[in-house]
Amino acid sequence: MGIMSTFLSFLNEQLSRLFTKQIGEQTKNYQGKPLSPIILTSNDASYKSVEELESVLNLKNVNNIALTGGYGSGKSSIILTLENKLKEKYSFLRISLSTFYVKKIEQNDIEYGIVKHILYKSDPDTIFQTRFKRIKHISKKDICKWSWATLCFIFSFIVVFEPSWLIIDSVISLYYKICGSADSARTIAYFADYFGIVYIIIFSFSLFGKLLSKILKMRIHSFKAKECELTIDADSSIFDKYIDEIVYYFNASPYNIVIFEDLDRFADPRLTFLKLRELNILLNESETFKKDEKSIKFIYAIRDDLFIDDIRTKCFDYIIPVVPVIDSYNAGDYIIKYNKELFNIDNTNQLYELGSYIKGMRELNNILNEYSLYKKTLKHVPSQIKLLAFTIYKNNFPADYALLHEKRGFLYSVISNKSMFAGILTSKEQEAYDKITIEIDRLDEQIKTQRKLAIDGYIQKYRAIAFYVNTKRISIEEFVSDSVKFELLRNNKITKYDYKDIYNEEAGTSNLDCDFRTTTSRYVNSDFDDQYNRLLINSAELDEQESKLRIVIDRVHNSSFKHILHQIKDTNAIKGKLRELAKQEKDEGQKVDIELICEYVQFLMYNGYLDSDYSSYLSFYHEGYLTENDNAFFSAIIRGEAL
């Protein structure tokens with residue numbers, strides 16, 4: 001017992017070393033990557049686009065510039081780098097309508113969102129003449145300042161105009177007494193009047209300016225004179241309705257470059273870009289801007305495939321394409337760079353293949369960040385490549401991954417229906433097995449019929465209802481259904497029997513001393529033994545065939561997904577089963593891209609990344625009957641891994 005305990009402890013220790021010796025070293029040097037845009041350096045591949053954009057900004061009459069590329073290609077980082085580089089030369093205004101899920105939206109709603117971003121991003125004091133009402137925070141300092149200013153105005157008014165109803169004789173007497181003489185009192189009063197008048201003028205001008213700005217903010221919605229009426233159409237374009245506000249804003253504010261992001265996320269934003277181009281022309285052609293030699297340039301960060309016709313070149317004065325740093329073609333190369341730091345996987349082709357399912361830099365950084373955290377948290381990771389595969393699945397199909405924790409969703413349906421895929425491989429064996437099962441059932445019925453015919457001899461001769469083998473009572477039905485017990489009857493091993501009387505009621509027990517063949521001769525054929533033995537032999541042969549087929553079928557069903565799929569030559573059959581399961585999930589309300597999710601899940605199955613140990617990559621293992629090391633040890637044995 002002591003030797004066995006020592007041996008198990010040794011196995012546990014070796015197992016712990018197997019799964020934990022490199023995790024800390026591999027992940028401690030990995031620094032998480034931010035998902036937000038970053039400032040590029042001159043060594044970055046995308047920096048050429050920054051230089052190109054900078055040179056285009058210096059071109060005259062190029063005021064509408066498109067920066068085109070797919071999602072995650074680095075457009076935002078290019079713009080952020082340009083903004084950081086040229087912040088002393090230009091003033092940038094960013095407008096981002098981050099409505100990622102709203103596709104159907106009215107044109108006026110888009111224009112309103114743009115105008116709102118334009119007018120509400122500046123200090124109200126900079127554009128104090130705007131007619132847009134805004135809640136302005138008044139500090140305690142400002143309240144005190146205006147309170148004292150008002151009190152000073154009241155005091156100055158009293159000093160200058162000396163209203164009779166405020167003149168108090170006792171106060172006047174005290175004033176002359178303090179001054180000492182009438183001349184001194186008049187001199188002080190003269191200077192007080194002078195400063196009071198100056199203060200009243202300054203305060204009045206300040207108050208008048210405030211009132212005038214309020215009056216200028218008033219907007220005439222209709223004007224009517226006798227039979228003539230001028231109205232403003234409430235259904236007109238937002239840009240048209242507030243064009244004076246927009247011109248005033250850019251004239252009063254320092255902004256000369258406007259960056260538009262996320263406008264391409266709407267269903268059909270082409271009209272919006274045409275309107276913005278028109279707006280840019282109106283701004284730059286206005287006399288106010290020409291007089292100040294000021295120009296406004298619009299930069300649009302948009303998808304490359306937004307326009308598919310000649311309107312693409314009509315909307316913009318210059319188009320700068322962004323070459324993506326990371327896409328599904330080269331993401332694998334980027335992952336391989338972190339192999340020693342994160343994965344330490346010998347077969348780098350596996351990393352390259354998984355990289356083909358990563359769409360862009362943001363997704364890649366998030367996958368690496370999540371992988372690193374899961375690896376640190378789960379401690380005993382059975383397979384690092386499987387963990388990476390699950391992390392990619394989590395990022396590509398987050399809704400279905402979340403359902404996996406609830407034992408629902410497409411991926412869980414695939415895992416729980418492994419027999420469906422194994423059935424493709426064992427269809428012929430299963431068909432043969434089903435036929436043999438039917439034949440065995442038919443033979444069993446024939447054997448039971450023969451037994452019943454033989455037992456009828458005892459029933460008729462002795463009115464028997466049960467038999468005894470030694471002291472054990474055995475019913476008639478047991479002799480019919482059980483071949484071993486029937487053999488006791490055939491071999492004359494029965495000692496007693498229970499019988500019934502003429503009224504079919506149990507009457508008693510009697511000894512039995514008779515020969516089986518003599519008793520049954522009137523009820524069965526003379527060759528009963530030959531027929532019965534032949535049926536038994538045939539049944540035994542079929543049982544053996546059934547058992548062999550069952551072993552073959554079970555071996556396949558208990559195999560891994562990888563083994564099953566590699567044995568199936570008809571890949572279309574696999575795709576058909578996956579589409580069938582995915583369609584069921586879609587019919588139940590889950591939003592599933594059937595083709596994409598089926599392709600990736602088939603890839604996981606084919607490469608051995610998906611199997612019955614999937615729960616090891618989802619959550620913690622809580623120790624109970626088995627310790628965490630024990631669980632990892634047995635899981636490794638099941639997977640057939642060398643320890």
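The values are calculated or read from the model by the stated rules, or taken from the named source; none is laboratory data. Quantities reported herein were computed from a predicted structural model and do not represent experimental measurements. A quick note on method: Cβ atoms are made from the backbone with ideal geometry, for glycine too, and the neighbour counts reach across all protein chains shown. For the accessible areas, the whole protein counts, side chains as well, though only heavy atoms, and no ligand, DNA or RNA atoms are used. Shrake-Rupley method; radii C 1.70, N 1.55, O 1.52, S 1.80 Å.
General observations
- Filter pass, R408 being open to solvent by 60 Å² or more (accessible area, probe 1.4 Å) and not in a helix (DSSP H, G or I): yes
- If only residues of segment 308-317 that are assigned to a loop (DSSP other than H, G, I, E, B) and touching a strand residue (DSSP E or B) at 6+ places or on another chain (Cβ under 9 Å) are counted, the one that is surrounded by the most Cβ atoms within 10 Å (Cβ to Cβ) is F316.
- Annotation: I320 fulfils all but one of (1) under 18 Å from Y71 (Cα atoms); (2) out of contact with any strand residue (DSSP E or B) (no Cβ under 7 Å at 6 or more places or on another chain); (3) not hydroxyl-bearing (S, T, Y); the unmet one is (2).
- Some residue of segment 284-295 being modelled with pLDDT under 80, assigned to a loop (DSSP other than H, G, I, E, B) and open to solvent by less than 80 Å² (accessible area, probe 1.4 Å): no
- With respect to the conditions (1) open to solvent by 10 Å² or more (accessible area, probe 1.4 Å); (2) within 32 Å of the chain's Cα centre (by Cα); (3) not hydrophobic (A, V, I, L, M, F, W, C), G332 falls short on a single one, namely (1).
- Pairs where the first residue, in segment 71-97, is on the phi > 0 side of the Ramachandran plot and the second is assigned to a helix (DSSP H, G or I), C-beta under 7 Å, 6+ apart: G72/M361; G72/R362; G72/E363; G74/M361
- Screening the candidates K386, K375, K340 for the property of being open to solvent by 50 Å² or more (accessible area, probe 1.4 Å) and either within 19 Å of L35 (Cβ to Cβ) or not aromatic (F, W, Y) (or both) yields one hit, K340.
- Listed by first and then second residue, the pairs with beta-carbon distance under 8 Å, at least 6 apart or on different chains, first residue in segment 382-410 and more than 15 Å from Y371 (Cβ to Cβ), second in a helix (DSSP H, G or I) and basic (K, R), form an empty list.
- For I465, the stated conditions hold: it is touching an Asp or Glu at 6+ places or on another chain (Cβ under 7 Å), aliphatic (A, V, I, L, M) and either surrounded by fewer than 14 Cβ atoms within 10 Å (Cβ to Cβ) or in a strand (DSSP E or B) (or both).
- Of all the residues in segment 343-362, those that are open to solvent by 60 Å² or more (accessible area, probe 1.4 Å) and assigned to a helix (DSSP H, G or I) number 4.
- Identity of the residue in segment 554-601, in contact (Cβ under 8 Å) with a residue 40 or more places away in the chain and β-branched (V, I, T), that ends up surrounded by the fewest Cβ atoms within 10 Å (Cβ to Cβ): I568
- Residue check, I135 part of a loop (DSSP other than H, G, I, E, B), modelled with pLDDT under 90 and not polar (S, T, N, Q): yes
- Pairs with Cβ under 6 Å, 6+ apart, first in segment 474-496 and under 17 Å from D515 (Cβ atoms), second open to solvent by 50 Å² or more (accessible area, probe 1.4 Å) and outside any helix (DSSP H, G or I): K496/T509; K496/N511
- Residue within segment 534-553 that is open to solvent by 80 Å² or more (accessible area, probe 1.4 Å), under 30 Å from A466 (Cα atoms) and among the acidic types (D, E) present: no
- Scanning segment 75-115 for residues that are open to solvent by 40 Å² or more (accessible area, probe 1.4 Å), at pLDDT 75 or above and in a helix (DSSP H, G or I) yields L80, E83, N84, K85.
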